[in-house]
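Q: Got a structure here, written out as structure tokens. Questions coming.
The values are calculated or read from the model by the stated rules, or taken from the named source; none is laboratory data. Keep in mind that what you see is a predicted model, and the values were worked out from it rather than measured. A quick note on method: Cβ atoms are made from the backbone with ideal geometry, for glycine too, and the neighbour counts reach across all protein chains shown. Areas reflect the complete protein model, heavy atoms only, side chains present, ligands, DNA and RNA absent. Shrake-Rupley method; radii C 1.70, N 1.55, O 1.52, S 1.80 Å.
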2 protein chains.
Amino acid sequence: MKQVIVVGHGGFPGGLQSAAEMILGKRDNVHYVGMTEEMGVHGFTQALSKILESISGGEVVVLADILGGSPLNNTAACLNERGILEKSMIFTGANLPSLIFVISSLDDYTMGELKEQTLLEQANFFSFIRL
Amino acid sequence: MKQVIVVGHGGFPGGLQSAAEMILGKRDNVHYVGMTEEMGVHGFTQALSKILESISGGEVVVLADILGGSPLNNTAACLNERGILEKSMIFTGANLPSLIFVISSLDDYTMGELKEQTLLEQANFFSFIRL
């Protein structure tokens, strides 16, 4: 079973979780880890490792808040240490439309297809609204 | 002075705020209103109205979490009631890269230019990362 992990700065993953669960309900295969100032890199890595242990063997789709930040960099390092970076997929710029698309498409596609479909859908993740 | 208002479901705006402030620090012209289940539409509209009163006269850039949700619909209604919908700009699919771009570009452009530049930048707001 594929798993989704949302990582990011501070309360971002938790905030996205709250919005996604209002719309889709709770999903057991979607996990959220925020790197708060209090927990730091060590606490973040511990929390992420705990999730990775619990889903051992599953394919992982990571949605990170932004490219180049400490949460994404430490997530990649963590996946690499466990030898699962190769079979994981990482997107940056997580938002509600992208998360809902990935969650809803997870069981319809292989990892390769999911990557293609997500990038095809990308143009709809952010829009200007004419009212 | 242009103002940014992030609206969305539940804890999403607050989560985005926490991440953005870790990176950029606090900004007085950026506001966040989440529609929690407890506050409902009425409480959301009250909180938003309070912000709109405090920034009376300013041009408003709205970043909403998703198209078609109650937070965006009620925000548009609220802007319309106050006669400022026309001179406001609304984007959906708020995320950390788009918020940082908008905040950082706010004083460099007119509203029309900001719309164009944001849409040009859109392709960079969500990315697949090859590691």
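Q: Among the listed residues B:Val61, B:Val41, identify the single one that is part of a strand (DSSP E or B) and within 14 Å of chain A (Cβ to nearest Cβ).
A: Details: B:Val41 fails: part of a strand (DSSP E or B).
Answer to the check: B:Val61.
Q: Still on this model: Being surrounded by fewer than 16 Cβ atoms within 10 Å (Cβ to Cβ) and hydroxyl-bearing (Ser, Thr, Tyr) is the filter; apply it to the stretch A:37-62 and report the residue that is nearest to A:Val6 (Cα to Cα).
A: For the stretch A:37-62, the residue satisfying everything is A:Ser49.
Q: Would you be able to say whether some residue in the stretch B:77-91 is over 18 Å from A:Gln17 (Cα atoms) and touching a residue at least 60 places away in the same chain (Cβ under 8 Å)? Spell out how you get there, then give the answer.
A: Within the stretch B:77-91, the subset over 18 Å from A:Gln17 (Cα atoms) is B:77-91.
Imposing the further condition that a residue be touching a residue at least 60 places away in the same chain (Cβ under 8 Å) reduces the set to none.
No - not one qualifying residue is present in the stretch B:77-91.
Q: Any residue that is of a type in the set (D, E, K, R), closer than 20 Å to B:Glu21 by Cβ and over 14 Å from the mean Cα position of the chain (by Cα) - is there at least one of those in the stretch B:94-111?
A: First pass over the stretch B:94-111, keeping only residues of a type in the set (D, E, K, R): B:107-108.
Still in the list and also closer than 20 Å to B:Glu21 by Cβ: B:107.
Next, only the ones that are over 14 Å from the mean Cα position of the chain (by Cα) stay: B:107.
Yes, the stretch B:94-111 contains a residue that is of a type in the set (D, E, K, R), closer than 20 Å to B:Glu21 by Cβ and over 14 Å from the mean Cα position of the chain (by Cα).
Each row is one residue, and each column tells you yes or no for (1) more than 9 Å from every other protein chain (Cβ to nearest Cβ); (2) more than 30 Å from B:Asn80 (Cα to Cα); (3) open to solvent by 30 Å² or more (accessible area, probe 1.4 Å); (4) not in a helix (DSSP H, G or I).
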{"residue": "A:Asn73", "(1), (2), (3), (4)": "yes, yes, yes, no"}
{"residue": "A:Cys78", "(1), (2), (3), (4)": "yes, yes, no, no"}
{"residue": "A:Ser98", "(1), (2), (3), (4)": "no, no, no, no"}
{"residue": "A:Ser104", "(1), (2), (3), (4)": "yes, yes, yes, no"}
{"residue": "A:Gln117", "(1), (2), (3), (4)": "yes, yes, yes, no"}
{"residue": "A:Gln122", "(1), (2), (3), (4)": "no, no, yes, no"}
{"residue": "A:Phe128", "(1), (2), (3), (4)": "no, no, yes, yes"}
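Q: Quickly run through the stretch A:14-23 and pick out the residues that are more than 7 Å from chain B (Cβ to nearest Cβ) and either without any contact (Cβ under 8 Å) to a residue 60 or more places away in the chain or open to solvent by 50 Å² or more (accessible area, probe 1.4 Å) (or both). Working first, answer last.
A: First, the residues of the stretch A:14-23 that are more than 7 Å from chain B (Cβ to nearest Cβ): A:17, A:20-21.
Residues satisfying the conditions are A:Gln17, A:Glu21.
Q: Okay, moving on. So if I check each of A:Ser49, A:Ser70, which one is under 24 Å from B:Ser127 (Cβ atoms) and at pLDDT 95 or above?
A: Values: A:Ser49 fails: under 24 Å from B:Ser127 (Cβ atoms).
From the options A:Ser49, A:Ser70, the qualifying one is A:Ser70.
Q: Could you check, for the stretch A:16-30, whether at least one of its residues is in a strand (DSSP E or B) and over 19 Å from B:Leu131 (Cα atoms)?
A: Within the stretch A:16-30, the first condition is being in a strand (DSSP E or B), and the residues that meet it are A:30.
Pick out the ones that are also over 19 Å from B:Leu131 (Cα atoms) and you get A:30.
Yes, the conditions are met somewhere in the stretch A:16-30.
Q: On to the next question. What do you reckon, is B:Ile51 closer than 30 Å to A:Thr75 by Cβ and β-branched (Val, Ile, Thr)?
A: Details: closer than 30 Å to A:Thr75 by Cβ: no; β-branched (Val, Ile, Thr): yes.
When the stated conditions are applied, B:Ile51 does not pass them.
Q: Contact list please: Cβ distance under 6 Å, first residue in the stretch A:95-115 and under 16 Å from A:Val6 (Cα atoms), second residue open to solvent by less than 20 Å² (accessible area, probe 1.4 Å) and of a type outside the set (A, V, I, L, M, F, W, C), pairs at least six apart or on different chains.
A: That search, which allows pairs on different chains as well, returns A:Asn95/B:Gly93; A:Asn95/B:Asn95; A:Leu96/B:Asp65; A:Pro97/B:Gly93.
Q: Same structure again: Do we find that A:Arg27 is within 17 Å of A:Gln3 (Cα to Cα), away from every other protein chain (no Cβ under 11 Å), over 16 Å from the mean Cα position of the chain (by Cα) and among the basic types (Lys, Arg) in this structure?
A: Numbers: within 17 Å of A:Gln3 (Cα to Cα): yes; away from every other protein chain (no Cβ under 11 Å): yes; over 16 Å from the mean Cα position of the chain (by Cα): no; among the basic types (Lys, Arg): yes.
Spelling it out, it is not the case that A:Arg27 is within 17 Å of A:Gln3 (Cα to Cα), away from every other protein chain (no Cβ under 11 Å), over 16 Å from the mean Cα position of the chain (by Cα) and among the basic types (Lys, Arg).
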